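Provided herewith is a single structure, encoded as structure tokens, for subsequent inquiry.
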Amino acid sequence: MNKIILPELGEGITKATIACWHVKVGDKIAVGQEVCEAVTDKASFVIEAPAGGVLKSVSVGEGQEGLVGGTLGIIE
Amino acid sequence: MNKRIIVEDWGLIEYPKSFERQRALVQKVQEGEEDFLVLCEHPPVLTLGRMTNPQSLLYQREDIEARGVLMTKVDRGGDVTLHAPGQLIVYPIFNLNKQGKDLKIYMQKLEELAVDLLKNFGILAISISGKRGVFVGEDKIISIGVGIRKWVTYHGLGINVNTDLSLFNLIKPCGLNVRMTSIQKLKGHQMAMEDVKIKTIDLFQKEFCS
């Protein structure tokens, strides 16, 4: 099991909104594949899969806020 | 710090074509090439970010296109933005892996650079906490929107130099009830785009090169 984590984006940035997911639960994904996009104010940050596998679950949906260091989804 | 920035001037270029070229440069920088600073202008276009609120468009699509303004969905967060000739577009394609991987510091540097740029033209601008972009009083003069892939930046600044400001009446820029202004409006005359480009390149080299 591998977690897709919202990475550190910079000092003082503690959360970001998930603008969109490029994949859906059940999709097979490759390591390094762009899986979702987080936005803070006017900057957007593309997040990649830390490992290959199947997207098992999404814990922060589109339009929802995730915490830096928090889990956005699970790959199995 | 970067050792060198490669400057490219793409002139007037359709937004979709420039986006393709940006993506190609992002790939090059990810693969280890030097950083790039791209300058250009776009024919009138509304770019719709992934979080565009339909209410940010104040007219029907047909009415907007009848004014010669194209509409295109774009691969970025945020709401709707307008680009048009007279607006200097600056796309820094920078590798932040070499600069501490801090989005907040990068955004602050862009805002400070934008304020310094306007100071050179006798305009006192400010950045406002919690609002992206640069303002003169309450009017927005420079829009800032940044995308990041593998810590390489794309998108950037839209500097209203001689922009036809009436085009902004088509939208709520960035989804906000904000009035836009330009260097031309504030100075009362057109500003030579070349002068703004030269100063912009100079400031980027000072701020981002060792």
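May I ask you to say which residue of A:Val54, A:Val35 is touching a Leu at 6+ places or on another chain (Cβ under 8 Å) and at pLDDT 95 or above? Write out each step before concluding.
Numbers: A:Val54 fails: touching a Leu at 6+ places or on another chain (Cβ under 8 Å).
That would be A:Val35, the only listed residue that is touching a Leu at 6+ places or on another chain (Cβ under 8 Å) and at pLDDT 95 or above.
Follow-up. For the subset of the stretch B:64-87 comprising residues that are touching a residue at least 60 places away in the same chain (Cβ under 8 Å) and more than 16 Å from the chain's Cα centre (by Cα), which member is farthest from the other protein chains (Cβ to nearest Cβ)?
That would be B:Arg67.
Another question about this same structure. Go through B:Lys140, B:Lys98 for me and flag whichever is farther than 24 Å from B:Ser166 by Cβ and either crowded, with 21+ Cβ neighbours inside 10 Å or away from chain A (no Cβ under 13 Å) (or both). Step through it out loud before you land on a result.
On the way: B:Lys140 fails: farther than 24 Å from B:Ser166 by Cβ.
Answer to the check: B:Lys98.
Listed here are the residues, each with its yes/no results for (1) surrounded by fewer than 21 Cβ atoms within 10 Å (Cβ to Cβ); (2) at positive phi.
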position: B:Ala114; (1), (2): no, no
position: B:Val136; (1), (2): yes, no
position: B:Ile148; (1), (2): no, no
position: B:His155; (1), (2): no, yes
position: B:Asn169; (1), (2): yes, no
position: B:Lys187; (1), (2): yes, no
position: B:Ala192; (1), (2): yes, no
position: B:Ile198; (1), (2): yes, no
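So A:Gly10 passes all but one of these: (1) surrounded by fewer than 21 Cβ atoms within 10 Å (Cβ to Cβ); (2) away from chain B (no Cβ under 11 Å). Which condition number does it fail?
(2)
Looking only at residues in the stretch A:47-61 that are assigned to a strand (DSSP E or B) and of a type in the set (Gly, Ala, Ser), which one is nearest to A:Ile4 (Cα to Cα)? Give the steps one after another, and end with the answer.
Step one: of the stretch A:47-61, the residues assigned to a strand (DSSP E or B) are A:47-48, A:53-58.
Still in the running and of a type in the set (Gly, Ala, Ser): A:53, A:57.
Numbers: A:Gly53: 12, A:Ser57: 10 Å.
Taking the candidates together, the pick is A:Ser57.
Condition check ((1) within 27 Å of B:Leu157 (Cα to Cα); (2) polar (S, T, N, Q)) across all residues:
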position: A:Met1; (1), (2): no, no
position: A:Thr14; (1), (2): yes, yes
position: A:Trp21; (1), (2): yes, no
position: A:Gly26; (1), (2): no, no
position: A:Val31; (1), (2): no, no
position: A:Val35; (1), (2): yes, no
position: A:Glu48; (1), (2): yes, no
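The values are calculated or read from the model by the stated rules, or taken from the named source; none is laboratory data. These figures come from a predicted structure and were not determined experimentally. Quick reminder, even Gly has a Cβ in these numbers, built from the backbone with ideal geometry, and neighbours come from all protein chains shown.
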